[in-house]
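The values are calculated or read from the model by the stated rules, or taken from the named source; none is laboratory data. For clarity, every value in this text was computed on a predicted model and none was experimentally measured. Reconstructed Cβ throughout: ideal geometry from the backbone, glycine too, with neighbour counts over all protein chains shown.
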Amino acid sequence: MNEYDVIVVGGGPGGSVAAKVAAEKGLKVIMFERGRKSGEKNSSGCGLGPRMWRDFPEMMKELTPDKVPSMRPGGAARCYFVNKDGVVSGYVMSRPTESVTYEPAKSFITMNVYRSDFDPWIAEFATRAGAVLKTSTLVVNLIKDKGKVIGVQDEKGEKYKAPVIIGADGAISMVAKKSGLRHKWEQDQITVVPQYDFSADPKKIDDVMGDEALAVWWSAVFPAAYQVFFRDGFHIGLGNWLTWWDKNPLYYLNKCVNLKYFQRIMKLIDAKPRELQAHLLPWMSYPVNTHTDNVILIGDAAGFPCPLEAEGIYPAMVTGKIAAEVAVKRIAEGDTSKKALALYDEEWKKTSIGDEFESGAELAGIWRKLPFTPKTMEWFIPMWMELLGGIYDWSEPHVVRVRQIIAKIQSYQSEFVPFAMKYVMPLLAEVLKDDIDSLKNMNDLIQKMLPKKKK
């Protein structure tokens with residue numbers, strides 16, 4: 001039997017970081033990838049958040065277009081608002097705001113890449129550190145002794161042994177299932193995400209979109225769709241929890257693609273369909289069952305995508321790093337039991353991932369009931385557009401229009417107030433729990449600023 005200190009199942013970003021960190025600490029590490037290279041089985045794209053440059057600076061400074069040709073920085077993002085008649089009734093474009101505290105977050109919102117470019121690039125860090133990357137190898141089973149995992153077996157029957165196995169094998173995790181950590185996801189824990197990939201003329205993308213590389217299509221006729229631009233193309237996709245779908249997901253995605261406004265963008269940048277893709281994505285309020293004796297789950301395998309918008313690469317890398325550090329410590333101590341590996345949960349909770357999940361239930365709840373629920377958007381979008389665009393109307397004197405806008409917004413109280421009380425207020429209470437006193441002071445200040453009513 002082949003013996004190692006750490007076995008990493010899955011050669012994506014999280015697995016690569018785990019293998020890199022463990023190898024740098026002197027451990028004998030092997031990482032398994034089912035494709036001929038990392039990323040081969042994942043043709044989708046993704047947005048890399050600025051936190052990756054802050055928390056993994058030595059790695060990310062090497063990310064350049066010559067190494068990852070699909071790179072496109074997103075200096076701006078746009079939200080489109082589609083009403084119940086399927087018409088884009090307005091949109092908002094935004095850039096990093098003045099409250100952002102560091103570079104490169106001040107310069108871009110996301111850096112968009114295709115995983116087929118990015119994954120092999122990041123896997124090189126693991127092999128340079130000394131980890132063995134075994135490609136074209138599907139791990140199909142775990143080896144156990146007295147009920148505890150001691151290794152893995154590949155599809156050819158080859159066996160590998162290690163005191164710690166790190167499951168970085170995605171949403172449909174063999175490691176999670178075979179270790180007993182999770183038999184399957186509950187339907188309200190996982191989403192199905194179909195998307196179309198389009199090729200497009202890079203120059204036309206530059207000319208038409210500028211540095212806009214990310215868009216969200218908020219809609220009253222389909223769940224919110226996301227659009228991500230790369231150097232020579234873009235994705236358009238949408239998702240929802242398995243409990244939601246009443247029709248084939250492509251029915252709703254096609255509603256977005258067939259919008260006149262969307263078709264106009266496609267024509268301007270000479271977009272052509274390239275591929276239909278679909279994947280499952282865990283979307284949870286809080287990760288559970290992340291480790292057991294000799295086993296640690298990271299990234300999607302453990303349910304770590306952000307509870308608000310399901311960002312996945314950064315959480316995978318952070319949890320991969322922590323899993324490796326815990327493995328190094330516990331292997332040195334000679335104790336890789338479930339109790340000893342509980343240090344993993346203690347450590348990830350101290351990171352920005354832990355901060356995200358402090359309000360996980362509230363974040364997931366508001367996202368589920370607002371952009372992912374077209375019925376809610378039937379009243380939210382016209383109310384929102386009254387706030388954003390009504391004042392620009394010239395149909396009446398502006399003072400009259402302001403009164404009309406206020407009256408119209410008030411007409412949505414029967415929908416908005418219950419929604420706000422059920423979903424918005426719990427989120428604000430959680431997020432602002434340490435700032436209640438300052439909010440009270442702000443309210444006093446506002447009251448003092450208001451003009452006194454004439455007697």
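For Val87, the test of being out of contact with any Cys (no Cβ under 7 Å at 6 or more places or on another chain), surrounded by fewer than 17 Cβ atoms within 10 Å (Cβ to Cβ) and under 30 Å from Tyr252 (Cβ atoms) is passed. Taken over segment 253-285, the residue count meeting the criterion of being in a loop (DSSP other than H, G, I, E, B) and closer than 28 Å to Ala302 by Cα is 3. Screening segment 133-143 for residues that are among the polar types (S, T, N, Q) and in contact (Cβ under 8 Å) with a residue 40 or more places away in the chain and picking the one that is surrounded by the fewest Cβ atoms within 10 Å (Cβ to Cβ) gives Ser136. Taking every residue in segment 28-57 that is crowded, with 24+ Cβ neighbours inside 10 Å and pairing it with any residue that is in a loop (DSSP other than H, G, I, E, B) and of a type in the set (Lys, Arg), at least 6 positions away or on another chain, yields no pair with a Cβ-Cβ distance below 6 Å. Whether a residue is closer than 25 Å to Gly312 by Cα, in a helix (DSSP H, G or I) and basic (Lys, Arg) was assessed, and Arg368 passes this test.
One residue stands out in segment 90-111 among those that are within 12 Å of Ala76 (Cα to Cα) and among the polar types (S, T, N, Q): the one that is surrounded by the most Cβ atoms within 10 Å (Cβ to Cβ), namely Thr110. Taking every residue in segment 396-407 that is under 14 Å from Pro382 (Cβ atoms) and pairing it with any residue that is part of a helix (DSSP H, G or I), at least 6 positions away or on another chain, the pairs with Cβ-Cβ distances below 8 Å are Gln404/Gly390; Ile405/Glu386; Ile405/Leu387; Ile405/Gly390; Ile405/Ile391. Beta carbons closer than 8 Å, at least 6 apart along the sequence or on distinct chains, pair a first residue in segment 172-192 that is part of a helix (DSSP H, G or I) with a second that is surrounded by fewer than 17 Cβ atoms within 10 Å (Cβ to Cβ) for Met174/Val140; Met174/Asn141; Ala176/Asn289; Lys177/His183; Lys177/Lys184; Lys178/Asn141. Among the criteria (1) of a type outside the set (Ser, Thr, Tyr); (2) farther than 30 Å from Arg330 by Cβ; (3) not in a helix (DSSP H, G or I), the one Ile381 does not fulfil is (3). All conditions but one from (1) within 30 Å of Met377 (Cβ to Cβ); (2) at pLDDT 95 or above apply to Ala19; the one that does not is (1).
Counting only helices (runs of 4 or more DSSP H) that sit wholly inside segment 11-130, those with at least 2 residues that are farther than 20 Å from Ala310 by Cβ and of a type in the set (D, E, K, R) are 13-24, 115-128.
For the residues Ala364, Ala271, Ala316, the requirement of being under 25 Å from Ala126 (Cα atoms), buried (at least 18 other Cβ atoms within 10 Å of the Cβ) and touching a residue at least 60 places away in the same chain (Cβ under 8 Å) singles out Ala316. Note on segment 114-132: residues that are within 19 Å of Lys67 (Cα to Cα), buried (at least 21 other Cβ atoms within 10 Å of the Cβ) and among the aliphatic types (A, V, I, L, M) amount to 3.
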